[in-house]
Each structure stands twice: as structure tokens, then as C-alpha cells.
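Below is one structure, written out as C-alpha cells; the observations come after it.
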Amino acid sequence: MFEIGTTLREARVRRKLTLQQVEDDTKIRVKYIQAMENEDFEVMPGSTYVKGFLRTYAVYLGLDADVIIDEYRSRAMPREDHEPFGGSSALGRPPHHRRRNNLLFVAIVALLIIAVLYILSIGSRPTTTTPSTRPGALGIKSSSPHPSASHTVKPKPTASATAKKAIVLVLSAKGGASWLQATVTTASGTKVQTATLADGQSMTLSSTGPIDLRVANPPYLSVRINGGALKQLPGVGPTQYRISSTGVRGL
């Protein structure tokens, strides 16, 4: 076990960097840099923010980011490890969040019960037999010695007017490291991917619908949508975006 704050502060002092210089280079506000060096993590929005800032700051100072993150995780075990941006504090989710989750659970159970009762009611309905309209069944002799062949015309499938266009997104880091979290849609459902791209690194994401993207340092990250032009993300601080086939917008 070691002191995270002391390690970060000593590394900064050795490099003769001021807090303002660090803020200008990493785009992390001075109050959050001081919070990391003082290990006052409670002033930060949530553990996801803390881990993203710790990783960015450690990489910037030339430290082993994984060691820093592992040490923070070993101290923050009671806290929710995968809370979203602006997540709950170390005391857990606020009471109104718990009430909302309870109401959601009750609503889901009620819908399941209604669906089961509806299926059972359909199964219990008596089946009716459509009377035959063939000439032989009505006592009428057919004038044709051979029954005519019947042809069944299958309707042509129509394309859904609301089909979602697939998205291929390329993310590239330039000028510094950037932490990101992406929520994509696949054939098997929704998937969340988290990564930290160092300067010069890139990654590709594929989705059948819009991609929700959270970024710690937008100035260091550029995007290319479906092979289009490479564009830098807007914003200077931690930001959330909605990316579709038509472009990028902030949330």
C-alpha cells in the first residue's frame, strides 16, 4: 500500500510543473488535481471520474497508471465500481434513486403477469373449424375431371421504414491520453466498452444504432463516422455525446 496523493505530487514537483500547467495540458481542473494529490476523492463526481482523472494524470506524469488505479480500487471496494458519470457517493445511491428502482421493478413484474394472463386466455379459447366450401362437400359434382392446382402467392417482405443505419466509428487520440466509455447496440443487445487511448492510439466501434459516448478529455480525441472526415470532439472537459450516422451532438 502506498500514498496515491504523495506519489502524484512528488512526480509533479520533480518535473517542476505547476498546477496551472497541469490543468492546461490535461484539461483537468485545478481543484480536481489538488483533490487527487490530497486524496480527497469525495469532492469528485464519482468513482468513474476519479479513475479516469487518475489514469490521465498518471500517464501525463509518466507513472504506471494501472498501479495507481489498482491502489484506488483497493480502497474504494464498498463503492459502486461501475457507476456512471455523476454517480452516487460512497454512502450509496440516494433514497429517491432506490424508490425509482423499486417502482421500476414493480412495473416490470406487473407487465410480466399481464402478459402471462393474456397468453393463458388465448390458449383457453375454443378453436372454430371453417366449413369446407369444396363442391364435393356441398354435394355438387365438379364438371372438371381433374382438380385444378391451387397456387399460393406469398407476400413479398417489405423493408422497415424505421430500420436503423449501422454505424462504424473510429476514435483516435492525438496530443495526449483520453479515457472513454461507449454504449453500442449489437444483435445480442446493448454493450458497454471502456478504454483509455494513449497519444497516437485508435479504436473502432460498430453499432446498429446511435452510440452514446462519454469522454474525459475531448480535446485529445477525434472521430470518423462511416469513413467520413476526421473531426475533433467539441468541448474541453468531461462530456457526453450521442453519435449517429448523421453526426455528433452533445448531451
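The values are calculated or read from the model by the stated rules, or taken from the named source; none is laboratory data. Please read all numbers here as calculations on a predicted model, not as lab measurements. Cβ: placed from backbone, ideal geometry, glycine included. Neighbour counts: every protein chain shown.
Structure data summary
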item	result
Any chance K31 is without any contact (Cβ under 8 Å) to a residue 40 or more places away in the chain, in a loop (DSSP other than H, G, I, E, B) and not small (G, A, S)	no
Subset of the stretch 172-191 that is assigned to a strand (DSSP E or B) and either closer than 16 Å to I28 by Cα or not assigned by TED's automatic domain parsing to the domain that holds P238 (or both) - its residue that is farthest from the chain's Cα centre (by Cα)	S178
Residue in the stretch 24-46 that is over 23 Å from G175 (Cβ atoms) and among the β-branched types (V, I, T) present	yes
Selection from the stretch 35-56 of residues that are assigned to a helix (DSSP H, G or I) and loosely packed, with under 15 Cβ neighbours inside 10 Å	E42, V43
Residue within the stretch 192-208 that is outside the structural domain of M44 (by TED's automatic domain parsing), more than 12 Å from the chain's Cα centre (by Cα), under 19 Å from G250 (Cα atoms) and β-branched (V, I, T) present	no
Residue tally, condition of a type in the set (S, T, N, Q), surrounded by fewer than 18 Cβ atoms within 10 Å (Cβ to Cβ) and not in a strand (DSSP E or B), over the stretch 205-251	4
The stretch 35-69: number of residues that are charged (D, E, K, R) and more than 23 Å from the chain's Cα centre (by Cα)	5
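Residue-by-condition table, conditions (1) modelled with pLDDT under 90; (2) in contact with a Ser or Thr (Cβ under 9 Å, 6 or more places away or on another chain); (3) of a type in the set (D, E):
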site	(1), (2), (3)
Y32	no, no, no
R100	yes, no, no
T130	yes, no, no
R134	yes, yes, no
